[in-house]
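Since every read-out is calculated from the coordinates, none of them should be taken as a lab result. This is a predicted model, so every value here is computed, not measured. Here the Cβ is made from the backbone with ideal geometry for all residues, glycine too, and neighbour counts use every protein chain on show.
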Amino acid sequence: MERVNKGRLTVDFGDVDEVVVFLIGMRINKLHRPDQWLPVFAAMPKMIAELVKAPDSGLLARPRTFLSGRTNVLVQYWASFEQLNDYARAADKEHLPAWRAFNRRTRDNGAVGIYHETYRVPVDRIEAIYGNMPTFGLGQAFGTRKPGAGSQSAAARMGVGDDIPAVEPY
């Protein structure tokens, strides 16, 4: 069980200017075709293991996986788009061979869908708070700190309003 950090924490971006948020996943369209979707499903853990073993890859923390019926999504944080793109296209890494195999085997039959979304976000456009949570999300990727003056309210953390929280901080 993950250790819960008591109290409130926010992300500590340090001197980072931008975050690359990458959502990647798949949808099982034909449950009766595990021969088509299971290889896609099985490819991702190999990629994640490879990335986690290589701290210089650009992946900032172990991704979180969310399942919702037939659809799953992995939320990843990257140090730069260039590192993400380099990994996606590297012939000696797990991703490109898996991508090519998907295109050979599955691309036109509709049994399984794949997707990704990439966001390059300036850190001054990001706000986060964690209350009594294990280290999670951006906090896991960058580290956390206690919110101090200037970061007690979401509006202040976003730089668009006062620092008067709606409820008393704990």
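Just want the answer: with Cβ charges of +1 for Lys and Arg and -1 for Asp and Glu, which residue in Ile164, Pro134, Ser80 is farthest toward the dipole's positive end in the chain?
The listed residue farthest towards the positive side: Pro134.
Please label the shape of segment 7-61 as rounded, prolate or oblate, based on the square roots a ≥ b ≥ c of the eigenvalues of the alpha-carbon gyration tensor (a/c under 1.5 means rounded; beyond that, a/b larger than b/c means prolate, else oblate).
Cα axes put segment 7-61 in the prolate bin.
Quick one: if you stick a label point 7 Å off each Cα along the C-beta vector at Ala149 and His116, how many nm between them?
The modelled label-to-label distance comes out at 4.4 nm.
Full extension from Phe81 to Asp56: what is 0.36 nm times the residue separation minus their Cα-Cα distance, to one decimal in nm?
Full extension from Phe81 to Asp56 adds 7.6 nm.
Determine the dipole magnitude for segment 27-142: charges of +1 sit on the beta-carbon of Lys and Arg, -1 on that of Asp and Glu, nothing else is charged, the reference point is the Cα centre, and the result goes in debye to the nearest 20.
The dipole of segment 27-142 has a size of about 540 debye.
For segment 80-137, what does the alpha-carbon gyration tensor say about shape, rounded, prolate or oblate, given a ≥ b ≥ c as the root eigenvalues, a/c under 1.5 as rounded, and a/b over b/c as prolate?
prolate
Return the calculated 222 nm mean residue ellipticity for the chain, to the nearest 500 deg cm²/dmol, obtained by summing -39500 (n - 2.57) across DSSP H runs with n ≥ 4 and dividing by the residue count.
Helix-only estimate at 222 nm: -8500 deg cm²/dmol.
Sort all Cα-Cα distances of the chain into consecutive 10 angstrom bins from zero, then give the percent of pairs in each bin up to the one containing the longest distance.
Cα pair-distance distribution for the chain, in percent: 9, 31, 30, 19, 9, 2.
Calculate, in nm to one decimal, what Val123 and Leu96 gain on full extension: separation in residues at 0.36 nm each, minus their alpha carbon distance.
Computed gain between Val123 and Leu96 is 6.7 nm.
Charges only on Cβ, +1 for Lys and Arg, -1 for Asp and Glu: so what's the dipole of segment 103-163 about the Cα centre, in debye to the nearest 20?
400 debye
Mind checking which of Gln36, Ser68, His95 is farthest towards the positive end of the chain's charge dipole, using Cβ charges of +1 (Lys, Arg) and -1 (Asp, Glu) about the Cα centre?
Going by the Cα projections, it comes out as Gln36.
Report the gain in length on full extension from His32 to Ala88: 0.36 nm times residue separation, minus Cα-Cα distance, nm rounded to one decimal.
Full extension of this stretch gives 17.2 nm more.
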